[in-house]
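Worksheet: the structure to be examined is printed underneath.
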Amino acid sequence: MTVRTRIAPSPTGDPHVGTAYVGLINYCFAKKHGGEFILRIEDTDQQRSTAESERAILETLHWCGLTWDEGPDVGGPHGPYRQSERSAIYRTYVDKLLAAGHAFKCFCTPQRLEEMRVAQRAAGQPSHYDGLCLTYDAAEVARREAAGEPFVVRMKVPNDGVCVVSDLRRGDIEFEYKSVDMQVLMKSDGLPTYHLANVVDDHLMEITHVFRGEEWVSSAPKHLLLYRYLGWEPPKLMHLPLLRNPDKSKLSKRKNPTGILFYQRMGYLPEALMNFLGLLANAAREGEDELMDLAHMVKRFEVEHVPIGGPVFDVAKLDWINARYIRERLDAATFVERVRRWAITGERLERIAGLAQPRIERLSDLGLLLAFLFAGRIPVRVEELRGKLAENELRSALTMALADFDALPAWNAFAIEGVFKRIAEALGKKPRDVARPFYVAITGSSTSIPLYDSMELLGRDIVRERLRNALALAGGPAKLEVPA
Ligand code: GLU
């Protein structure tokens, strides 16, 4: 049997370092066993999935040095590798489950489900489907269908007994079936949910081992039931703890940069980032040099050494590893090449040059004008931040911006400008007056190349980090009185 692992990201946001971590573990395990590593895009959430996020995920994982044997960009014998292109496949399995009586059509309206949830919450119960549509006989189901009532398909769950999830590192974890919800498998628009698509694809793509984030462990009983209903052997599972901050809190983009792009823009080398993540997965043994390339990480990879307590994403350690790569592992020519690729590659250089040209008198003005684009933290003077805003207005503007920027589906100058217009309106100020403190927070100066373009070029994570610093200088987040 060939070992086959996969990474199955959902393209719903900026690529996360956790995805690189999980990808690395799946890659190392597959390659260690002479197997194959697959990339599948799980875009069943049509509202939140974007082509831009998918492109960014593929690009950044490639930048990290991961390669996959099969995937949406490289093809392969088990394609398509994007779930939105596999609807017809899922339908056949929904029909099988319905025919075998393992699933049922549920006609409950969103209002009824909401009332049920509210009542369950009031009674202190976890929210779960109450099984009303299970009581309908075939004639009733046919009548409702003929009347054109929309329905979803839900899986049946045994009333009692326990489901044992065997985790490669945690051992057997027991879940009582009573606590497992009758999961929706197919939505009323005929598209699958994550759970169905994930199980069908792991089976059809012949995945043998799944290493995934621990947030999915509670889904495992549903998945195992589906494997049983469909008569399939499930893959071996291991749930990986989430990365943590040094204070053990969950790594979250509200507190720390979590985007791979941030680390790329900040000038971390991909091999250093992967080396760092590889050490979180399999710490160095006694006397072993911590610097190691991907091939070496594969060779020494042991599932038994993957920690089940949350590994700490310690940026100081990453800095140390990165510094060692820069100083010890790059010869002069490679270093030059890296600097060139990091700072001034084709399109980015053209865009920056186009913005700077009308604003300089001498080429030597470029250094100071553009320094903020090539820096990590920048010094900001609190007196310069305020401009024409009162202290509470400044704090409100920064607080609103941080929330709104997080929610933007696409990160570009146009979308960023929209946020500024909204904030200016909410505060009853001119957009120019609202923008000024942002200039200072982002560029370190009140005159520079245009703000919205600068923010796009810097990327969401660096902007978030600079605004968070500015907000701390300004006195911390505001309680928003204006409608958000
Ligand atoms: N699409 C899921 C995610 O974004 C994958 C979960 C799994 O690996 O089963 O994390």
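In table form, for the structure just shown:
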quantity	calculated
Net +/- balance of residues flanking Asn256 in space, Cβ distance below 12 Å, scoring K and R +1, D and E -1	+3
Scaled radius of gyration (Cα, divided by 2.2 N^0.38 Å) that segment 242-294 gives	1.27
Net dipole in debye of the chain [+1 Lys, Arg Cβ; -1 Asp, Glu Cβ; about Cα centre; nearest 20]	960
Listed residue pairs exceeding 24 Å between alpha carbons, taken from Lys255/Lys479; Lys187/Lys236; Lys253/Lys479	Lys187/Lys236
Top positive-direction residue, dipole computed over the chain with Cβ charges, set Pro9, Gly267, Gln357	Gln357
Per-residue ³J(HN,Hα) for segment 16-24, Karplus 6.51 cos²θ - 1.76 cosθ + 1.60, θ = phi - 60°, Hz, x for Gly and Pro	9, 4, x, 5, 5, 5, 5, x, 4
Under 18 Å from the Cα of Lys178 - aspartates and glutamates, other chains or at least 8 residues apart	Asp130, Asp160
Accessible area (Å², 1.4 Å probe, nearest 10) - Glu302	60
The chain: Cys lacking any partner C-beta under 4.7 angstrom	Cys28, Cys64, Cys108, Cys163
Segment 233-349 - convex hull of the alpha-carbon atoms, volume per residue in Å³	168
Radius of gyration and maximum dimension Dmax of segment 278-343, Cα, Å	14.3, 41
Chain lengthening between Ala403 and Asp73 when straightened (0.36 nm per residue, less Cα-Cα)	115.5 nm
Distance (nanometres) between label positions extended 7 Å along Cα→Cβ at Arg381 and Leu98	7.0
Surface/4 estimate of mean projected area, convex hull on alpha-carbon atoms of the chain, nm²	27.7
Linear extension gain, Ile89 paired with Leu330, 0.36 nm per residue minus alpha-carbon span	81.9 nm
Where only C-alpha atoms are counted, convex hull volume of segment 160-214 per residue in Å³	113
Order of exposure, largest accessible area first, which applies to Arg117, Arg112, Arg464, Arg144 with probe 1.4 Å	Arg117, Arg112, Arg144, Arg464
Glu391 accessible area, assembled protein chains, probe 1.4 Å, Å²	90
Stokes-Einstein D in µm²/s, Kirkwood radius over Cα pairs - segment 145-280 at 4 °C with 1.567 mPa s viscosity	73
Rounded to whole Å, sorted largest first: equivalent-ellipsoid semi-axes of segment 332-392, Cα gyration tensor	30, 16, 11
Cα-based Rg / Dmax (Å) for segment 79-172	17.0, 50
Additional length obtainable on full extension of the chain from His62 to Gln120, 0.36 nm per residue less Cα span	16.3 nm
Convex hull of Cα atoms in segment 328-484, direction-averaged projection (nm²)	10.9
Cα extents of segment 282-403 along the three principal axes, largest first (Å)	58, 42, 23
Alpha carbon centroid spacing (whole Å) that separates segment 104-126 from segment 127-162	13
Rounded percent of accessible protein surface that carbon and sulfur make up, segment 124-232, 1.4 Å probe	51
Modelled FRET efficiency - R0 30 Å, Leu363 with Trp320, Cβ distances, 0.05 increments	0.25
Amide H contacts under 5 Å for Ile173, placed H, 5+ residues apart	Val165, Ser166, Asp167
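The values are calculated or read from the model by the stated rules, or taken from the named source; none is laboratory data. This structure is a prediction, so every number in the text was calculated from the model and none was measured. Cβ coordinates were reconstructed from backbone atoms using ideal geometry, including for glycine residues, and neighbour counts include every protein chain displayed. Heads up: the accessible areas ignore ligands, DNA and RNA and are worked out on the full protein's heavy atoms, side chains in. Shrake-Rupley method; radii C 1.70, N 1.55, O 1.52, S 1.80 Å.
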